[in-house]
């Protein structure tokens, strides 16, 4: 293993994330992860007591990285909150046609697969998605307070509805293998937020 991978635990998590995004959780064995990461099995069990514990840590690690992305998109930067919110949704919809069959979101990849077989991973996914929705709610509330969003809807409920909309769109994109669900989600988002359709990039 190269010197750049001094944090063995994180290296195992990063390697596992890449493989599992492609194949799913159940289809990937520990031997494949460890062979790719070039670490011995003993190192794995030093950090994770089981594959399920690894899966829980994998979700937590992914959510931590993803929240940094969310914060970058939504943090106050002198632009209206509505504009920052739409910038976030546009990042969801920015997948080009060549990538439309790929899944780069671990929440989308794992939610249907592991929620019935691992309570620990289900709770980790729930905890992570709640944090994402909370940040969206804060941005919407900011938009309502400053007037860049209409003031006749509930910020937290709207954040939940929008996240559910886009999570569903991501799943449908995998099924359809085209951008139609993402385009529909963008149109619905602008309508729900009462923003002009031309706001979309």
Over region 70-201, calculate the relative contact order: mean separation of alpha carbon pairs under 8 Å at least 6 apart, over the residue count, as a percent. 29
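How do 154, 77 rank when sorted from fewest to most other Cβ atoms within 10 Å of their own Cβ? Write out the running numbers ahead of the final one.
Numbers: 154 13, 77 10.
Listed from fewest to most nearby Cβ atoms, that is 77, 154.
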Over the alpha carbons of region 65-195, what is the largest minus smallest coordinate on each principal axis, giving the biggest first in Å? 43, 34, 25
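Would you mind computing Rg(Cα) / (2.2 N^0.38 Å) for region 107-159, counting N as its residues? Don't jump to the answer; show the numbers that get you there.
Values: Rg = 14.8 Å, N = 53, 2.2 N^0.38 = 9.9 Å.
This ratio for region 107-159 stands at 1.49.
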Kindly state, to the nearest 0.05, the FRET efficiency for residue 14 paired with residue 123, given R0 = 25 Å and r defined as their beta-carbon distance. 0.65
Going by alpha carbons, how many degrees (0 to 90, nearest 10) lie between the helix axis of 8-23 and the longest principal axis of the chain? 70
Relative to the longest principal axis of the C-alpha atoms of the chain, give the angle of the C-alpha long axis of helix 180-192, reported between 0 and 90° and rounded to the nearest 10°. 50
Which number comes out as Rg/Rh for region 1-47 once both Rg and the Kirkwood Rh are worked out on C-alpha atoms? 0.95
Give the Cα extents of region 1-159 along the principal axes, in whole Å, largest first. 56, 33, 31
Rel. contact order, % - alpha carbon contacts under 8 angstrom, at least six apart, region 1-47: 46
Mind jotting down the distance between the C-alpha centroids of region 55-84 and region 125-179, whole Å? 12
For the pair residue 177 and residue 67, the simple spin-label estimate (label points 7 Å beyond Cα toward Cβ) gives in nm 3.7
Tell me the angle of helix 81-93 to the major Cα principal axis of the chain, expressed in degrees between 0 and 90 and rounded to the nearest ten. 50
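Could you work out how much longer the chain between residue 151 and residue 47 gets when fully extended? Use 0.36 nm per residue separation minus the Cα distance between them, nm to one decimal. Before the final figure, lay out the partial values.
On the way: separation 104, 0.36 × 104 = 37.44 nm, distance 4.83 nm.
Gain on extension, residue 151 to residue 47, equals 32.6 nm.
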Scoring region 150-197 by relative contact order with C-alpha pairs under 8 Å, at least six apart, yields a percentage of 31
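Determine, for 158, 189, 18, the number of other Cβ atoms within 10 Å of each Cβ, and report the residues in order from fewest to most. Working shown, then result.
Values: 158 21, 189 24, 18 13.
Exposure proxy ranking, most exposed first: 18, 158, 189.
Read-outs: derived from the displayed coordinates by stated rules, not from any lab. Given the structure is predicted, the values throughout are model-derived calculations rather than measurements. All Cβ positions, glycine included, derive from the backbone under ideal geometry; neighbour counts span all protein chains shown.
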